[in-house]
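Asks: First the structure, which I've put down as structure tokens, then a few questions once you've had a look.
The values are calculated or read from the model by the stated rules, or taken from the named source; none is laboratory data. Here the structure is a predicted model, which means the values were calculated and not measured. We place every Cβ from the backbone using ideal geometry, glycine too, and count neighbours over all the protein chains shown. Keep in mind that these areas ignore ligands, DNA and RNA; they rest on the heavy atoms of the full protein, side chains included. Shrake-Rupley method; radii C 1.70, N 1.55, O 1.52, S 1.80 Å.
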Amino acid sequence: MQELAGKTAFVTGGASGIGYALGQAFAEAGMRVMLADIETDALVAAVETLRNSGLEVRGVTCDVADPVSVEHAAQASFETFGNVHVVCNNAGVAGSGGIDNISLETWRWVLDVNLMGVLHGVFIFLPHIRAHGEGGHFVNTASWAGMQSGLGFSSYSASKFAVVNMSEGLAIQLKPLGIGVTVLCPSFVRTRISESGRNRPERYGPTQVPDPASPAGARAARLAELSQSGLDPSNVAARVLTAVCEDELYVFTHPETRAEVEERFAAILAALDKAAAR
Ligand SMILES: NC(=O)c1ccc[n+]([C@@H]2O[C@H](COP(=O)([O-])OP(=O)(O)OC[C@H]3O[C@@H](n4cnc5c(N)ncnc54)[C@H](O)[C@@H]3O)[C@@H](O)[C@H]2O)c1
């Protein structure tokens with residue numbers, strides 16, 4: 001989609017971090033932007049800040065894990081701005097992982113938000129974009145964790161691998177329709193992702209905070225530290241804007257992580273060589 005000005009973007013997880021930066025960047029490029037988020041107070045503050053800068057931004061409370069809520073948010077966007085062209089399925093949460101404290105509730109929460117949330121966005125907006133015929137683009141936020149397994153046994157990685165795969169498949173099927181797909185795979189970005197428990201609905205049980213003295217606690221603290229020293233979200237948003245305009249499937253933000261993915265692919269290729277030799 002080469003021309004963004006005058007079009008409309010819908011961004012989930014838009015009250016904070018990468019989603020907020022995406023909303024700001026799209027609005028600064030002349031788009032109308034609907035931010036959708038589960039955290040209403042933060043959403044109201046985010047919309048106010050952007051509107052005070054003269055940007056055409058609105059907000060709608062939305063839980064991406066609930067298709068009815070996403071449908072409601074979509075309707076609010078159509079009523080406010082008319083047709084939607086860019087859909088950023090970006091809302092995401094991180095739950096504690098590893099093999100020592102496996103929690104089914106945490107796995108369900110993370111998969112419902114990170115995986116089903118992306119599916120709900122595609123399910124609800126794709127018929128709309130196909131019907132209006134003005135072109136469109138999906139931006140699905142995965143992660144570097146969707147490309148390699150360094151986090152270990154993790155609902156977060158499992159959800160992000162799925163988002164990478166869904167996006168690749170979607171791109172193949174939408175190309176002939178002139179609708180683009182980008183899958184965003186950043187490594188550490190300076191956001192509130194390590195405080196994801198703030199938005200964990202009661203239906204998934206209480207947030208598990210690992211004992212700081214345990215290996216899981218030390219790992220969580222290290223990940224929070226890495227996130228705080230990560231890339232500024234505005235850099236990520238700028239990369240995404242280019243990807244939308246130039247119709248790029250993958251957006252990576254940390255080229256230094258190349259060796260990790262090479263290691264994974266080398267192991268897969270070696271296994272295929274073994275299969276060929278047998
Ligand atoms: N920060 C990083 O290092 C990093 C790296 C790779 C990928 N990501 C991904 O980036 C995306 C954005 O996260 P972030 O880092 O900006 O974190 P963040 O916590 O700053 O922002 C996430 C936003 O999603 C919202 N949210 C949470 N659950 C929701 C739900 N059920 N429905 C609607 N909104 C919901 C939160 O309220 C918050 O505003 C996520 O998908 C995350 O997995 C982040």
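Asks: For segment 1-108, which strands (runs of 3 or more DSSP E) that fit wholly inside it have 1 or more residues that are open to solvent by 50 Å² or more (accessible area, probe 1.4 Å)? Can you show your working first?
Replies: Numbers: elements: 8-12, 32-37, 57-61, 86-89.
Correct list: 32-37, 57-61.
Asks: Could you list all residues from segment 175-217 that are basic (Lys, Arg) and either within 16 Å of the ligand (Cβ to nearest atom) or open to solvent by less than 60 Å² (accessible area, probe 1.4 Å) (or both)? Walk me through it before giving the result.
Replies: As a first pass, look at segment 175-217 and keep what is basic (Lys, Arg): 175, 190, 192, 198, 200, 203.
Answer for segment 175-217, where residues must be basic (Lys, Arg) and either within 16 Å of the ligand (Cβ to nearest atom) or open to solvent by less than 60 Å² (accessible area, probe 1.4 Å) (or both): Arg190, Arg192, Arg198, Arg200, Arg203.
Asks: It is to be established whether one or more residues within segment 156-171 are of a type in the set (Phe, Trp, Tyr), open to solvent by 50 Å² or more (accessible area, probe 1.4 Å) and within 16 Å of the ligand (Cβ to nearest atom).
Replies: At the first step, the residues of segment 156-171 found to be of a type in the set (Phe, Trp, Tyr) are 156, 161.
Retained after the next criterion (residues that are open to solvent by 50 Å² or more (accessible area, probe 1.4 Å)): 161.
Subset that is within 16 Å of the ligand (Cβ to nearest atom): 161.
Checked against the condition, which is being of a type in the set (Phe, Trp, Tyr), open to solvent by 50 Å² or more (accessible area, probe 1.4 Å) and within 16 Å of the ligand (Cβ to nearest atom), segment 156-171 yields at least one hit.
Asks: Being assigned to a loop (DSSP other than H, G, I, E, B) and surrounded by fewer than 12 Cβ atoms within 10 Å (Cβ to Cβ) is the filter here; which residues of segment 218-234 pass it?
Replies: Initially, segment 218-234 is screened for residues assigned to a loop (DSSP other than H, G, I, E, B), giving 229-230, 232.
Selection gives Ser229 alone.
Asks: With respect to Ser143, determine if the residue is polar (S, T, N, Q) and more than 13 Å from the ligand (Cβ to nearest atom). Quick ask: steps written out before the conclusion?
Replies: Values: polar (S, T, N, Q): yes; more than 13 Å from the ligand (Cβ to nearest atom): no.
Considered against the rule, which asks whether it is polar (S, T, N, Q) and more than 13 Å from the ligand (Cβ to nearest atom), Ser143 comes out as no.
Asks: While we're looking at this one, here's another question. Could you please tell me which pairs satisfy a Cβ distance under 7 Å, a separation of 6+ or placement on different chains, a first residue in segment 141-163 that is among the basic types (Lys, Arg), and a second residue that is buried (at least 20 other Cβ atoms within 10 Å of the Cβ)?
Replies: Lys160/Asn114; Lys160/Ala142; Lys160/Ser143; Lys160/Ala145; Lys160/Gly146
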